[in-house]
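Below is one structure; the comments refer to it alone.
The values are calculated or read from the model by the stated rules, or taken from the named source; none is laboratory data. Computed from a prediction, not measured in an experiment: that's the story for all the values here. Positions of Cβ are generated from backbone atoms using ideal geometry, with glycine treated the same way; all protein chains shown enter the neighbour counts.
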Amino acid sequence: MANKAAAEHASSGQSADYSRYNQFMEIVRNRITIRSFDPSYVVPREHYEMILEAARHSPSGADAQPWHFIVVTNPDTKNKIADYCVNEQNSRAKLKMKFPTPDYRGLRTAPGFIVVASDFRWVRAFPVLPDSDTSELARMYVANAERILLQSVAAATMAAHLAAAALGYNVWWVTLLGQEKAQNALKPILGVPEDLALLDIMCFGPPPPDKKPFKRWKKELNEIVNWERFDISHYMTLAQIDDWIKNKRHLVMYKPASDIRG
Ligand SMILES: Cc1cc2nc3c(=O)[nH]c(=O)nc-3n(C[C@H](O)[C@H](O)[C@H](O)COP(=O)(O)O)c2cc1C
């Protein structure tokens, strides 16, 4: 069943049935970020469950499934989390990172949050050397294991975002990772044990009545695909990357694809 279209394509020479792929791509293309929501909308509990059911089936290193999802609908808790993010946005603005930080006040309008957490102790499930080994090699394997863990949680998070898109919602992926302050401020609010790490917040819902979601610019397929060997024309120098960051990043983040030139 899973390989029906591929099998048909290989065996018949006739055009394969791509209807399931096309339906899937409809969802993929319409997974679109918004940064404020219709505040009057209530997400049915069933939808949280349907979304997290998609996350549950995700692949993970060693099938360790190192993820936890905390659904937050309590307005008081939501406001505390949103306030933290707004304050963080304000502190970041003073740090002169030049990052076009989004307006986190929109978090207050999200019908609910799904806070995504992980447990870095699960790196032990991946190829690492014994705790007693303090060598550079051991550190390298721990760094690899952390990548495996983060990729695993990202895979599950992405499944959840696609499921939300399949239910007709817009989405918002908000990072918490690596901010010690975020961990200290938010874990007690959510009753999350010290050993766990909060990684991000997933928001989803319909847009506010006065805002129309827009599709963002995406690279063309031939810019990202390399056949057999890396196409060196895809390589960017540091100066080119810096130029992109300076001149294009704010546009691709906040303008529709139709406003962006390749
Ligand atoms: C790993 C990851 C982290 C992100 N972190 C943030 C974030 O902290 N704040 C935010 O407003 N958007 C965040 N986003 C959303 C991106 O800005 C958004 O996906 C991107 O601009 C492309 O837009 P699209 O989702 O409509 O395709 C994040 C997305 C990903 C995948």
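Evaluate region 36-51: report whether one residue or more is in contact (Cβ under 8 Å) with a residue 24 or more places away in the chain and within 15 Å of the ligand (Cβ to nearest atom). Yes - at least one qualifying residue is present in region 36-51. Reported count of residues in region 186-216, each being among the small types (Gly, Ala, Ser) and exposed (fewer than 13 other Cβ atoms within 10 Å of the Cβ), is 1. A Cβ distance below 8 Å, combined with a sequence gap of six or more or placement on separate chains, defines the contacts here; from region 5-26, residues that are outside the structural domain of Ala165 (by TED's automatic domain parsing) reach residues that are modelled with pLDDT of 95 or more and aromatic (Phe, Trp, Tyr) in the pairs Ala5/Tyr18; Ala5/Tyr21.
Taken together, the criteria exclude Ala160 from residues that are within 14 Å of Val116 (Cα to Cα), under 19 Å from the mean Cα position of the chain (by Cα) and without any contact (Cβ under 8 Å) to a residue 12 or more places away in the chain.
Any idea which of Lys181, Lys255, Lys218, Lys187 is at pLDDT 95 or above, charged (D, E, K, R) and closer than 22 Å to Pro100 by Cα? On inspection, the qualifying residue turns out to be Lys218.
Screening Ala159 on (1) in contact with a helix residue (DSSP H, G or I) (Cβ under 6 Å, 6 or more places away or on another chain); (2) in a strand (DSSP E or B) shows it passes everything except condition (2).
Of the helices (runs of 4 or more DSSP H) lying entirely inside region 164-262, not one carries at least 2 residues that are free of Cβ contacts under 8 Å to residues at least 60 places away in the same chain and near the ligand (Cβ under 10 Å from one of its atoms).
Evaluation of Pro130 against the conditions (1) in a helix (DSSP H, G or I); (2) more than 15 Å from the ligand (Cβ to nearest atom) shows that the sole unmet condition is (1).
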